[in-house]
Every structure is written in structure tokens, then in C-alpha cells.
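Okay, structure first, notes after.
The values are calculated or read from the model by the stated rules, or taken from the named source; none is laboratory data. Predicted, not measured: the structure shown is a model, and the values here were computed from it. Every residue, glycine among them, receives a Cβ derived from its backbone with ideal geometry; neighbour counts consider all protein chains shown. The area values use the complete protein model at the heavy-atom level, side chains included, leaving out ligands, DNA and RNA. Shrake-Rupley method; radii C 1.70, N 1.55, O 1.52, S 1.80 Å.
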Amino acid sequence: MTRLDEVDDKTRSEIAVDPRVGTHARLLAIWDGGYTSCFLPASGKIVLGRSLSADLRISSNSVSREHAVIRAGSPPTIEDLGSSNGTRVDGQRLLAGQSVPLTPGRVVEFGNALVVLQEGPAQSEPVSSPDQGLTVVPAARSEGKMDRLYRLVDLVATGTLSVILQGETGVGKEVTAKRIHQRSARAEQPFLKINCAAFAESMVESELFGHERGAFTGAAQAKAGLLEAASGGTVLLDEVAELSLPMQAKLLRAVGNAEVLRIGSLKPRSIDVRFIAATNGDFNDLIARGAFRSDLYFRLNGICLTIPPLREREREIGPLSRDFAAESSARLGLPTPSFSAAALSWLERYPWPGNIRELRTVVDRAVLLAQGATLEVEHLQVDAEFSGGALRPAGSAAPEPASAHDLWQAPEPAPEKLRDELDRLERDRIVDAIARCRGNQTKAADLLGISRRALLHRLDAYGLPRPRKGA
């Protein structure tokens, strides 16, 4: 299935413009597979639907052939045309024949598609086109992946669809989830992050759904679960793929029916929660292996956004580094340092396998070492200095001062099979992480960017003893 952020620019490169446009208001439609837009005419109407004859065509099976109609006016209005999945405005489903105003920023849901009226920019110089008497405006090609993603996030935030966030560990999935919450109608309500990998298997159900008094040994009083406590707000299910299949079945009820059943209770309780699910895995692979329920995936996948890794967001590295340096300096009571040109070049060329989380750690450490002075390469590369080498930056290396260049050079490895070398490197990183965290398994797993369950699996695979906290 094609995700929104993977749609090729060519599929979005043309925007149909009606020559009768009297304003620059624009209709933008987004669905799982792409998006399209058109300017709102000064008079008349626009039919939205899946049909080729629709004025604004939405290529989604969740949309009827002629789903709804928008009539020009001040303000314009929208009316459902007897669609199968209905039309919702700000989360409220329209009744048959009901017409409501469509003001800028108001979000309309057609099945899995979103439509919003925007106050558009000044009209670009049109290019002639023979198709249906319309003109064509080329879309901007200079914007980056994150520019498009941020706009999609802000648009999705105003709707009610569940969201899946995918991306490598440390790319900012939690930050993105908070942004969706803060820009939604639920912003004043709770935002709750639930790390699905952090619960012991025996406690997951009680923590998520709650229990009644006497439901099990030790249940001295009734307790509301996390989902019930967050009712009215947004819940981030971080590492949702770590839940067992039986627990996924129970979560399916909460997501699909908006209700939870406490342990020991016979009566379900209604909840009002918007779900955001995050994972660093691939759902298609998990479903194919039978590790994740496809029906839960389809419930959660109102819209799927993939956050690119930091190495593909070079323009953000400098500003993020400065922000992190300012925050760290304030905490330490130090003056905010500047970055040397060599240090910024190093930051932008390093591949950042730990993404934003790793960048923050490196900058925090550099601020502490620099003590208010300008941040130099040696402040950033302290790990390389004491370990004897570091990963080579992405792309060809630019000229560096001799000392900095030498730090990039790793000793020539002895010939060995690639799989053996990777296993050895992974084993060494695990041992180092456990030593740094003094045997704390949860902290070591977080440092490595994996779940605690995955860490224990790797310990067993490499024949390493399971550590004890403080050891």
C-alpha cells in the first residue's frame, strides 16, 4: 500500500484551476495514495467523488462515485450525496439533505479521505492545457520531505482519524504525535504515551484496561486503565507491535468499538480516545509473519505517515543542533556556545544511525565539554577519540584538519564473513550498553534503540548472562 509521504512528486505536479475563480480559496483532498486540489470557483458547485466525471476526483475506494457537493457562496456549503461511508464535518456526520458551511480550515472526512478548504496563495502564472478548458499550475518542486510531512501532519491533526507513525528509532515519532495532539480539538485534554514494550506480559491487560476490586489476587480496589483515564484525549501506542496477539485482540475492541472491559467486569465502559500508533518496524512484514493482526492494523491505519531518518533531513541538523545546545546550556547554567564551521560540517555529514535522539546526546555532551567555548569537532568526536575510530560520514569526506581526519579512520579489519563481523559488532555494542547502564536492562535497551524484549532475545542468542541492576 502506498503511503502519503512515498507518493512521487509527479503524481502531485499539476493542480486543476477553474478559470472562473474569483478568490484564491483552494480545496485540498488527501487520501492514502496521494492528494489533489483545485481552486474554489466564484459561483456554481463542485462534485467530489471517485468517479472520473467528478470535479474533484478522489481515488480512494472509501469514497463513493459521487460522494458530496460543495456549492460556492459566502461561505460555501457542503452536502452529502447519499454516500456509502457518509460525510463528517469536524467529526460530526451529516444527515441526509443537511447542508453546512465550509469555512477555511474546517476538515471534512470522506471515508479514509480528508478534504479541507484553505486560504490559498496568490495564483501562479498558468500554463495552457487542452484538457477540459482548464489551466495547469506546476506544483513547487523545491520543498523537502519534511516540509510536505509537516503540512500533512497539521492537516491530519484537525480530523479524527487514527494515525500510524513509522520510522527508525529516534526520528521523532513521539514529537510528531504530540504535534498532532496539540493542533487537534483535543489539545486541552490528556496526551498519554504508552510504551507497549515496557509492561510485563502479566500486567498489560490490567494497565491498559483496568480491573475491578477482587478481580485477581492483590486487586484490593477498582482501578481505571490507562485508556479509560485518557478519555477525551490522545493516546500514543509506542511500539504497538510488541503487544502479544491475545492483547492485540483486546486492543482491537477498544479501537473499533470505543470501549474497554475491565478485568473482572461484565459491563464495558465507553471511551473517547484518538489513537496514534508508532513503530520502527514494517507492518506488512509483521502481518505476513503472523506477528500482528491485520484487522487491528486496518483499524489503526486511518492514515499512515513515515518520518524520514535524520540523514535525509540535512537542512534540519544545524537548527536542531543549535536548539539542543541552547537547551543544554540553560540547564547547565552556561552561556550558549556557537558551532565552528568544521563542527557543523561534521554534524551534517555524519549518518546519525540513532537519529535525533543520538544528535541530542552528542550535542549535550559537547556543550558540557566545551564549557561555554565554541563547539569544535573534538567536542563532538570524543567517542571516536577514546574508542579508536568511528563511522565514516555519509558521502565523500571533505578536507578536515589532520587530527579530525585521523579520528575517522578505523583500523583495517581482518578478513571475516560479513555476518560474523556484524554479529561481533552487535554483541560488543550490547555489552557496552549494559556496562554503561550498570546492568539496567530497560535503560540499556533504550540506549540501543530496541525493546527490552528484543534485548533479552539477543542476550540469549549470544549466550550472554542476563544482567542485574547495579551489577
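From Cα coordinates alone, what are the radius of gyration and Dmax values for segment 277-336 in angstrom?
18.8, 53
Pop the C-beta distance of residue 435 and residue 266 into the FRET formula with R0 = 56 Å and round what comes out to the nearest 0.05.
0.65
Roll a 1.4 angstrom probe over the protein heavy atoms and tell me the percent of accessible area of segment 285-372 that is carbon or sulfur.
Result for segment 285-372: 54 percent of the exposed heavy-atom area is carbon or sulfur.
At 1.4 Å probe size, with every protein chain present, just tell me what the per residue accessible area of segment 255-370 comes to in Å².
Per-residue accessible area for segment 255-370 comes out at 45 Å².
Above 15 Å lies some portion of the pair distances; for segment 45-84, what is it as a whole percent of all C-alpha pairs?
34 percent
Could you bin all the Cα-Cα distances of segment 223-347 into 10 Å bins starting at 0 and give me the percent of pairs in each, rounded to whole numbers?
Binned Cα distances yield the sequence 10, 30, 21, 19, 16, 4, 0.
Counting only heavy atoms of protein chains, what accessible area per residue, in Å², does segment 142-208 have with a probe of 1.4 Å?
That works out to 44 Å² per residue.
Residue-wise, which Karplus ³J(HN,Hα) couplings in Hz belong to segment 219-235, taking 6.51 cos²θ - 1.76 cosθ + 1.60, θ = phi - 60°, and x for glycine or proline?
Here the 3J(HN,Hα) series is 7, 6, 8, 5, 9, 6, x, 4, 5, 5, 5, 8, 4, x, x, 10, 10 Hz.
May I have the convex hull volume per residue, in Å³, for the Cα set of segment 178-224?
In segment 178-224, the Cα convex hull volume per residue is 90 Å³.
For an R0 of 51 angstrom, estimate the FRET efficiency from the Cβ-Cβ distance between residue 424 and residue 45 and round to the nearest 0.05.
0.15
Tabulate in residue order the Karplus-calculated ³J(HN,Hα) for segment 291-304, using 6.51 cos²θ - 1.76 cosθ + 1.60 with θ = phi - 60°, rounded to whole Hz; enter x for Gly and Pro.
Once rounded to whole Hz, the list reads 8, 9, 6, 5, 5, 5, 4, 5, 5, 6, 8, x, 7, 10.
What Kirkwood radius, in Å to one decimal, follows from the Cα pairs of segment 39-125?
13.1 Å
How large is the accessible surface of residue 252 in square angstrom, using a 1.4 angstrom probe and rounding to the nearest 10?
Surface accessible to solvent at residue 252 totals approximately 30 Å².
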